[in-house]
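The values are calculated or read from the model by the stated rules, or taken from the named source; none is laboratory data. Keep in mind that what you see is a predicted model, and the values were worked out from it rather than measured. In this analysis, Cβ positions are derived from the backbone assuming ideal geometry, glycine residues included, and neighbour counts consider all displayed protein chains.
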Amino acid sequence: MRYDVTVIGSGPGGYVAAIRCAQLGFKTAIVERYSTLGGTCLNVGCIPSKALLDSSEHFYNAKNHFKEHGINLSNLKTDLKQMISRKDGVVKQTVDGINFLMKKNKIDVHHGHGSFINKNQIKVKSDDGKETTLETDKVIIATGSKPATLPFIKLDKKRIITSTEALNLKEIPKHLIVIGGGVIGVEIGSVYARLGAKVSVVEFLDGLIPTMDKTMGKELQKVLKKSGFEYYFKHKVTEVKSSGKEVTIKAENQKDETIELKGDYCLVSIGRRPYTDNLDLENAGVKVDDKGRVEVNDQLQTSVDNIYAIGDVIKGAMLAHKAEEEGIFVAETLAGQKPHVNYLLIPGVVYTWPEVASVGYTEEQLKENGTSYKSGSFPFKASGRARASMDTDGLIKVLSHKETDEILGVHMIGPRAADMIAEAVVAMEYRASAEDIARMSHAHPTFTESFKEACLAATDNRAIHL
Ligand code: FAD
Ligand code: NAI
């Protein structure tokens, strides 16, 4: 079989690249080793985690907030089996949607493990051992990532688990120990904390979500504490053992003191590694860097001229929408267009409640770069809309250039921050000043008014409702 473009991997990077290639007139194939399309994001990542976050949030609100709203419920109980089964239904609908999109765009789907025979031939080995060779002009590697672990941790996938197993537990943990207070740690930790688990986070650095603006981590820490989180920051895990029923972990702080925690489950969420296992990159001459990521230039072209790579398997943030943008970028580059990805403006979102969302530079980065900036913040407790919905935790912080007032970074923790960050992305893409936003009408009462108020605060310390 002969193709103009063969995409290896059907995650948000791969399937979006394949659709755009097909739209641009390329005869396109996609190779996927799993039985369903959609990759990590649709099967064991973004979509199932958000489904469980939504279900657990309903339960938490029913238990803790409904009474104040004047709604009395008795006999409130969780049904984890039903929650997981609803989540599976959401995943099924979503991955089925990708099958439909492949058909609609006349993309050939080859199920099986793909590997390079050489730079123009891909071998696809299906589960039943059948081998097919695809002849191809161009290749896009979109093989994604897998959970990272530590050499001394034996992931038994029953008690010592990754996010994949955590999305399919049969019982609510009594005590979930989470190694790594990054995005997965706080999202999956939130699911089970809301359902009643005690959640202990052991984090190597000095706070939660440490790569985001520090104010966000500090606020999130305060809020999650109320729902049953406890933290061991600046602790390095040294031992993780399972007895089959109980997990024991040991960690050292910076004074070399050791703590021991016992729980019934341990979630290892210390990042993800690029996945190129058995891809036989060397047969095509594709180079990887010292972190195992496929090396690419500014055109996302690998060390071999007809082979490109996108998404989690290359450098940069491991985010679905980053992978998607790169998929479009490569397809349009192959068609001779001049696309562009603005990496600074790829937003980051954490789907806890309150949600955390951010775009542009953090305050720490601006300080480190020596950029002169102003900062304006607005707390949700001063928002009428937030009081009405009882979502008063959190704030929006706007960082703008001291002389030009151009917005350089927006960091929010609060209700619907995941959706509200889009306004900040548009503003920054068009290089708006904080005052530009401050002078635009925002519907009342909405959470978005808080962004306007934070911009007013950044402009000249002239927030109205503060
Ligand atoms: P992947 O989605 O990993 O897809 C790669 C695909 O390639 C897989 O299907 C794999 O089976 C296939 N493959 C690999 N090797 C081969 C081979 N040799 N032959 C054939 N097929 C192969 N990101 C967000 O932006 N928002 C979120 O809310 C979010 N939530 C997440 C929650 C969790 C629990 C996790 C784990 C991740 C989450 N992410 C989120 C990250 C997101 O899932 C990834 O950034 C995204 O899936 C990367 O897309 P990709 O296309 O590069 O790779
Ligand atoms: P992460 O990089 O977000 O967090 C890992 C955390 O583990 C860091 O805070 C790090 O300091 C800590 N850590 C590393 N080694 C440690 C050790 N030995 N002991 C204790 N702590 C240690 O990675 P995470 O949470 O595993 O997520 C993986 C990827 O998936 C992320 O890059 C993220 O972008 C993506 N993702 C995105 C989501 C979203 O966009 N909402 C949701 C979930 C995942």
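A few remarks follow.
- Filtered residue count, the stretch 400-423, keeping only those that are in contact with a Phe, Trp or Tyr (Cβ under 7 Å, 6 or more places away or on another chain) and not basic (Lys, Arg): 9
- Val296 part of a strand (DSSP E or B) and not assigned by TED's automatic domain parsing to the domain that holds Ala443: no
- Residues located in the stretch 209-239, provided they are crowded, with 23+ Cβ neighbours inside 10 Å and of a type in the set (Phe, Trp, Tyr): Phe229
- Filter result for Gly292 (among the small types (Gly, Ala, Ser) and either buried (at least 21 other Cβ atoms within 10 Å of the Cβ) or at pLDDT 95 or above (or both)): yes
- Residue match in the stretch 188-200 (condition: within 16 Å of ligand 1 (Cβ to nearest atom) and surrounded by fewer than 20 Cβ atoms within 10 Å (Cβ to Cβ)): no
- Verdict on Glu165 being outside the structural domain of Asp277 (by TED's automatic domain parsing), more than 16 Å from ligand 1 (Cβ to nearest atom) and among the acidic types (Asp, Glu): no
- Residue within the stretch 162-169 that is in a loop (DSSP other than H, G, I, E, B) and within 9 Å of ligand 2 (Cβ to nearest atom) present: yes
- Here Ile310 meets the list (1) assigned by TED's automatic domain parsing to the domain that holds Glu282; (2) at negative phi; (3) touching an Asp or Glu at 6+ places or on another chain (Cβ under 7 Å); (4) within 14 Å of ligand 2 (Cβ to nearest atom) almost entirely, failing just condition (4).
- Applying the criterion of at least 1 residues that are within 16 Å of ligand 2 (Cβ to nearest atom) and touching a helix residue (DSSP H, G or I) at 6+ places or on another chain (Cβ under 8 Å) to the helices (runs of 4 or more DSSP H) found wholly in the stretch 1-112 leaves 12-23, 39-44, 46-64, 80-104.
- Comparison of Thr459, Thr446 shows that the only residue that is in a helix (DSSP H, G or I), of a type in the set (S, T, N, Q) and crowded, with 16+ Cβ neighbours inside 10 Å is Thr459.
- Scanning the stretch 266-293 for residues that are away from ligand 2 (no atom under 16 Å from the Cβ) and either in a loop (DSSP other than H, G, I, E, B) or within 25 Å of the chain's Cα centre (by Cα) (or both) gives Thr276, Asp277, Asn278, Leu279, Asp280, Gly285, Val286, Lys287, Val288, Asp289, Asp290.
- The number of residues in the stretch 380-409 being over 24 Å from the mean Cα position of the chain (by Cα) and surrounded by fewer than 21 Cβ atoms within 10 Å (Cβ to Cβ) comes to 15.
- Restricting attention to the stretch 180-222 and to residues that are assigned to a loop (DSSP other than H, G, I, E, B) and farther than 27 Å from Glu239 by Cα, the residue that is nearest to ligand 2 (Cβ to nearest atom) turns out to be Met212.
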